Every structure is written in structure tokens, then in C-alpha cells.
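Notes for the one structure printed next.
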Amino acid sequence: MTSKQGLAVTQYDVAFLWRLLFRFYDTQQDFIAQFKGLMHRAETREDALRLLHTLKGNAGNIGMLDVMTKAAELETICQNPEANYANALTDLEAELLRVLPPIKAQKETQKETLTLAKITQQPVSTEYYQALTAKLYELLSNDKLDADIVAVELEAILEGTDKSHLIHAIRQAITRYDFDTAIDKLNILMADQNS
């Protein structure tokens, strides 16, 4: 991936590009093991091909053209059930091993920064908390990926409380682009704040 391609996808929003890259890392870091496991059984071969198609699409959506190309090559070979796809899978794995470690390193750096922010965090007013949940609801209702920015802040606020599992579930749903589930969980969280 070139930074130019990725930035063009996000209209030159660097923070948004990193969020997309982190989401890609979270959803694709175990791709090779999952794909191999599914391809070894005839009854799950279609699942493997769907997984591969998703990887190809996600890579293309964020400007990882080399990953997308290797995934497309593997996908073409796998259309023939008798074809030997080992070399194409090795090529894709090599490309993933090239792009995933820098994303992981940046993610860990950001995690350390957030941990330091939590240590120095001051109590949050009820009004601010309610404004955050309302903003999150608005973003989720409009299927906006920026919802994850607000969810991260809420996650820091709720860490260590009996509601932390709800915000974790919301963030996981956002990662899967499952905004309906995220809204369902947020409704529970908002009902709790009003009770």
C-alpha cells in the first residue's frame, strides 16, 4: 500500500486512515490460518472463498493494492477445485507479513498513549457522558465509521465499570460494520444511564 492511495481513499484524513488500517489488522491478522483450515475441508471450501473475497475487497477499499492483487490471483486459482493454490497462498501470506506488522506496531503505540490518558483521566460530568452517547447514536444511525472515535472515548470512561462489556460489544460491532447490533447495545447502555 502506498500512503498516497490510502489517503486518497480517506480524503486525506490521516486519523481515519489509521482507524481503517487498525480495523483491517483486527479482522485479517489470522486470515492465513483461517483460510487454510477452511480449505482443507470440502464442506467449508465456500466459506474459505468468501473469506478470501472479503480480504480482497477490504484491501482494495483502503488502497492496499498489492494485497488485493495477490488475493485476486489466489481467488482465480481457487475457482478450480483441482488447482494447486499453495504458491499463490504463499505470495499472499508474504504480502500480509509485509503490511500487517507496521499496522500492529502503530496500534500498540496508540494503545500505550490511550493507557496513559486513562491514568490521568478526570471524572466526567453526566452531561458530557450523555452528549457522547447521543453523538455515538447519531453516528451509528447514519452508518458512520467515525462512530469508533466516540466509542473509544466512551470505552475509556467506562473502563472498569459494570457497563464496560457493553461498550466493548459496541466497538466489536463497529469493527464488523454491524451498526444495527451496535445500536442495540447502545440502547441498553443509554437505558441504564436513564434508570
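The values are calculated or read from the model by the stated rules, or taken from the named source; none is laboratory data. It should be emphasised that the depicted structure is a prediction, and the values quoted were computed from it without experimental measurement. Note: ideal-geometry Cβ built from the backbone for every residue, glycine included; neighbour counts use all protein chains shown.
Quick one: which residue in 184, 146 is in contact (Cβ under 8 Å) with a residue 40 or more places away in the chain and either hydroxyl-bearing (Ser, Thr, Tyr) or under 26 Å from residue 54 (Cβ atoms) (or both)?
On the way: 184 fails: in contact (Cβ under 8 Å) with a residue 40 or more places away in the chain.
Every option except 146 fails the conditions.
Could you check the range 136-195 and list, in sequence order, the residues that are over 22 Å from residue 25 (Cβ atoms), not in a helix (DSSP H, G or I) and not polar (S, T, N, Q)? Correct list: 160, 162, 163.
Looking at 131, 88, 59, which one is modelled with pLDDT of 95 or more and surrounded by 12 or more Cβ atoms within 10 Å (Cβ to Cβ)? Quick ask: steps written out before the conclusion?
Values: 131 fails: modelled with pLDDT of 95 or more; 59 fails: modelled with pLDDT of 95 or more.
Criteria check complete, one pass: 88.
Scan 104, 70 and give me the residue that is basic (Lys, Arg) and crowded, with 18+ Cβ neighbours inside 10 Å. Quick ask: steps written out before the conclusion?
On the way: 104 fails: crowded, with 18+ Cβ neighbours inside 10 Å.
Checking each option against the conditions leaves just 70.
Inside the range 134-151, can you point out the residues that are within 18 Å of residue 16 (Cα to Cα), surrounded by 15 or more Cβ atoms within 10 Å (Cβ to Cβ) and not acidic (Asp, Glu)? Answer for the range 134-151, where residues must be within 18 Å of residue 16 (Cα to Cα), surrounded by 15 or more Cβ atoms within 10 Å (Cβ to Cβ) and not acidic (Asp, Glu): 135, 136, 139, 140, 144, 145, 147, 149, 150, 151.
A residue that is over 22 Å from residue 15 (Cα atoms), buried (at least 16 other Cβ atoms within 10 Å of the Cβ), at pLDDT 90 or above and not β-branched (Val, Ile, Thr) can be found somewhere in the range 163-174.
The set of residues from the range 19-56 being under 17 Å from residue 83 (Cα atoms) and buried (at least 18 other Cβ atoms within 10 Å of the Cβ) comprises 35, 38, 39, 48, 52.
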